[in-house]
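Inspection log for the structure reproduced underneath, given as structure tokens.
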Amino acid sequence: MAAPTTVTITGAGGQIGYALLFRIAAGDMLGPGRPVRLRLLEIPQGMRAAEGAALELQDCAFPMLHGVELSDDPRVAFDGCGIALLVGARPRGPGMERADLLAANAGIFGPQGAAIGAVAADDVRAVVVGNPANTNALIAAASAAPDVPADRFTALTRLDHNRAVGQLAQALDARPDDVRGVAIWGNHSATQFPDVAHATVGGVPVIDALAERLGGHEAAVAWLDDVFIPRVAKRGAEIIEVRGSSSVASAANAAIEHVRDEQLGTGGATTSAAVVSRGEYGVPEGLVCSYPVTSDGDGYRVVEGLTLDRRAHARFAASVDELVGERDAVRALGVL
Ligand code: NAX
């Protein structure tokens with residue numbers, strides 16, 4: 001049997017943490033043959049909830065779970081860590097300005113990035129779930145340098161990707177795995193651009209399938225603009241309104257799929273992830289931006305050479321502008 005992989009989960013006592021732990025321990029993330037050792041990082045206020053989850057993990061007697069350790073010290077929790085899921089973050093409180101939110105999260109993701117740089121395994125990879133996820137990943141990557149290459153840090157837009165696939169599957173009465181080539185561009189926020197220009201359903205371009213169903217190309221474009229894009233971009237708010245609480249199981253599922261595909265490969269399929277830009281599609285280098293990506297099992301690579309028409313480009317540019325604004329606000333705080 002392979003040696004256990006140390007997986008560190010921050011915010012493990014929170015909602016998404018609770019949904020993640022059991023699936024990771026059951027082997028859903030790395031596959032049935034790969035044992036894991038879990039490290040749960042919490043702040044003192046969240047420690048009891050994390051302790052309770054650890055007791056329940058024990059009660060599951062998962063064969064692939066080779067130990068659970070808890071800490072409120074990032075240097076302990078990330079020691080030897082191969083995979084980090086950075087979930088714990090500071091939520092926006094009443095009256096909190098964007099700059100306050102960025103500053104509060106810089107105070108979390110800066111020290112965590114530095115600890116990953118200092119004590120994690122040489123091949124560590126980290127995904128940021130906690131919002132504002134893209135900019136938190138930027139801060140963590142900068143703080144882990146030069147010990148960890150920046151491209152080992154990614155941020156989660158897989159939930160947005162899955163939401164887009166789910167909406168198309170429902171609208172076209174198709175199976176989700178027949179929908180291919182969807183892309184989320186930009187920031188994990190309401191400015192994101194869910195794009196179907198290169199997507200197919202059962203091998204047919206999505207736009208043609210929609211036109212067939214909705215009575216023409218114009219109706220298909222109107223549905224994408226007026227229903228699909230806003231619904232995907234604002235799905236988090238819809239879930240809160242209906243459920244009375246934010247997305248939890250779907251977020252944990254997306255984080256597991258993000259890590260699984262990054263580690264084991266996408267088998268040639270395209271998915272979406274926010275990765276450190278090398279300037280692809282004109283995005284300023286170093287921003288953590290969502291792109292269509294593939295993986296051979298050694299990290300995500302941006303799918304290059306796709307065409308974006310004028311309207312698509314404008315949507316993507318607006319989201320990238322937001323990322324630039326977040327980066328500049330963090331720079332103004334002296335964090336980067
Ligand atoms: P919860 O408030 O239930 O849990 C957060 C946990 O993090 C708490 O237990 C808290 O004690 C802990 N925490 C806070 N600061 C910490 C620190 N410095 N070190 C370690 N732990 C710390 O939130 P939950 O619903 O689990 O959501 C977690 C984050 O995911 C939020 O920032 C949320 O906005 C974000 N989301 C991101 C999504 C994405 O697609 N990228 C979707 C779902 C979710 O909204």
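Computed about its Cα centre, the charge dipole of the chain is approximately 280 debye, with only Lys, Arg, Asp and Glu carrying charge at their Cβ. Taking 7 Å steps out from each Cα toward its Cβ at R213 and D123 produces label points 4.1 nm apart. Among rounded, prolate and oblate, which fits the stretch 158-327 when a ≥ b ≥ c are the square roots of the eigenvalues of its C-alpha gyration tensor, a/c under 1.5 means rounded, and a/b larger than b/c means prolate? Rounded, since a/c falls under 1.5. As a ratio to 2.2 N^0.38 Å, the alpha-carbon radius of gyration computed for the stretch 229-336 takes the value 1.22. Taking the inverse of the mean reciprocal distance over all distinct Cα pairs, the Kirkwood hydrodynamic radius of the stretch 5-155 comes to 15.3 Å.
With K and R counted +1 and D and E -1, the other residues having a Cβ less than 10 Å from that of D28 yield a net charge of +1.
Among the helices of the chain, none built from whole DSSP H runs has Cα atoms reaching 27 Å or more along its own axis together with a mean Kyte-Doolittle hydropathy of at least 1.6. Report summary: the helix-based calculation at 222 nm, which adds -39500 (n - 2.57) for every DSSP H run with n ≥ 4 and divides by the residues of the chain, gives -13500 deg cm²/dmol. Element breakdown for the chain at a 1.4 angstrom probe: carbon and sulfur atoms account for 51% of the accessible area. Looking at the stretch 1-62, none of the trypsin sites (Lys or Arg not before Pro) sits in a DSSP loop with at most 13 other Cβ atoms within 10 Å of its own Cβ. If Rh is defined by the Kirkwood formula over all Cα pairs and Rg also comes from Cα, what ratio Rg/Rh do you get for the stretch 163-210? For the stretch 163-210, the value is 0.98.
Select from A312, A190, A222 the residue whose mean-square fluctuation is largest in a Gaussian network model of the chain (Cα-Cα springs shorter than 10 Å). With Cα springs under 10 Å in the chain, the top fluctuation among A312, A190, A222 is at A222. The spacing between the stretch 175-205 and the stretch 6-77, judged by their C-alpha centroids, is 32 Å. Counted residue by residue at 0.36 nm each, then reduced by the alpha carbon distance between them, the extension gain from F22 to R278 reaches 88.6 nm.
What is the percent of Cα-Cα separations in the stretch 95-144 that go past 14 Å? Beyond 14 Å sits 48 percent of the P(r) for the stretch 95-144. Annotation: amide H of T6 within the under-5 Å range of R37, G82, I83, sequence separation 5 or more or interchain, hydrogens built in the peptide plane. Extension gain for Q45 to D72 (0.36 nm times residue separation, less C-alpha to C-alpha distance): 8.7 nm.
Of the trypsin sites (Lys or Arg not before Pro) in the stretch 90-182, the ones in a loop by DSSP (not H, G, I, E or B) with at most 15 other beta carbons within 10 Å are R92. Test of understanding: extend the Cα→C-beta vector of V324 to 7 Å, then name every residue of the stretch 260-300 with backbone N under 16 Å from that spot. Under 16 Å, as judged by backbone N against the label point of V324, lie 277-290 of the stretch 260-300.
Tell me the per residue accessible area of the chain using a 1.4 Å probe; a whole number in Å² is fine.
Counting only protein heavy atoms, the per-residue value for the chain is 43 Å².
R37 sits among other residues whose Cβ lies under 14 Å from its own Cβ, and their net charge, with Lys and Arg +1 and Asp and Glu -1, is 0. Kirkwood radius and radius of gyration were both taken over the C-alpha atoms of the chain, and their ratio Rg/Rh is 0.97.
Residues of the stretch 246-288 with an amide N closer than 15 Å to a point placed 7 Å from the Cα of L333 along the Cα-to-Cβ direction: none.
For the residues P292, P35, P94, a GNM of the chain with alpha-carbon springs under 10 Å puts the largest fluctuation on P94. For the stretch 237-336, the set of trypsin sites (Lys or Arg not before Pro) satisfying both a DSSP loop assignment and a count of at most 15 other C-beta atoms within 10 Å is given as R278.
When the charge dipole of the chain is built from unit charges on Cβ atoms (+1 for Lys and Arg, -1 for Asp and Glu) and taken about the Cα centre, the candidate among H198, Q263, L306 whose Cα reaches farthest toward its positive end is Q263.
Of the beta bridges DSSP finds with both residues in the stretch 111-254, what % are antiparallel, to the nearest 5? Given both bridge residues lie in the stretch 111-254, the antiparallel proportion sits at roughly 70 percent.
What separates the Cα centres of the stretch 84-103 and the stretch 228-303 is a distance of 20 Å. Counting only DSSP beta bridges with both residues in the chain, the antiparallel share comes to about 45 percent.
The values are calculated or read from the model by the stated rules, or taken from the named source; none is laboratory data. These numbers come from a predicted model, not from an experiment. Backbone-built Cβ (ideal geometry, glycine too); neighbour counts: all protein chains shown. When the accessible area is computed, the model is the full protein with side chains, heavy atoms only, and any ligands, DNA or RNA have been set aside. Shrake-Rupley method; radii C 1.70, N 1.55, O 1.52, S 1.80 Å.
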